[in-house]
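The values are calculated or read from the model by the stated rules, or taken from the named source; none is laboratory data. Here the structure is a predicted model, which means the values were calculated and not measured. Cβ: placed from backbone, ideal geometry, glycine included. Neighbour counts: every protein chain shown. These area figures cover heavy atoms from the full protein model, side chains too; ligands, DNA and RNA do not enter into them. Shrake-Rupley method; radii C 1.70, N 1.55, O 1.52, S 1.80 Å.
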Amino acid sequence: VGDTRWGAGDRVQHEWAGPRGWGGFDQMDGPLTDHWCYHAVAAIMRAVSHLGSRPRVDAKRIGITGVSWGGFLTSLTIGIDQRLACAMPVYG
């Protein structure tokens with residue numbers, strides 16, 4: 001059974017749900033693993049792993065792009081995941 005942490009109001013979350021929404025400066029003092037950006041980049045890296053495992057995908061030619069918050073996450077991810085061949089952040 002979950003709880004209503006992260007400002008979920010009356011919506012129940014399971015214990016591994018991570019932070020809600022886009023995060024915020026109120027999360028800055030918390031553990032890194034409680035930050036929205038941490039979870040978003042981890043999800044992107046899992047997607048890169050999945051794409052790279054597909055037989056019709058050249059894993060050495062996977063790139064990333066994003067607009068607005070997606071551009072921000074693109075910039076973070078390209079700095080962490082060396083498997084990506086290129087990145088094109090927009091409004092990052």
**Complete:** Checked against (1) modelled with pLDDT of 85 or more; (2) touching a strand residue (DSSP E or B) at 6+ places or on another chain (Cβ under 7 Å), residue 46 satisfies every condition except (2)
**Message:** I need a count of the residues in region 51-79 that are in a loop (DSSP other than H, G, I, E, B), at pLDDT 95 or above and of a type outside the set (A, V, I, L, M).
**Reply:** 4
**Request:** Kindly indicate the residue of region 1-43 that is of a type in the set (Val, Ile, Thr) and at pLDDT 80 or above and also most open to solvent (accessible area, probe 1.4 Å) among those meeting that condition.
**Result:** 33
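Condition first: over 16 Å from residue 45 (Cβ atoms) and of a type outside the set (Val, Ile, Thr). Now tell me which residues in region 61-85 satisfy that.
Here is the first cut: in region 61-85, the residues over 16 Å from residue 45 (Cβ atoms) are 61, 67-69, 71.
Result: 61, 68, 69, 71.
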**Selection from region 49-91 of residues that are among the hydroxyl-bearing types (Ser, Thr, Tyr) and surrounded by fewer than 17 Cβ atoms within 10 Å (Cβ to Cβ)** = 49, 53, 65, 68, 75, 91
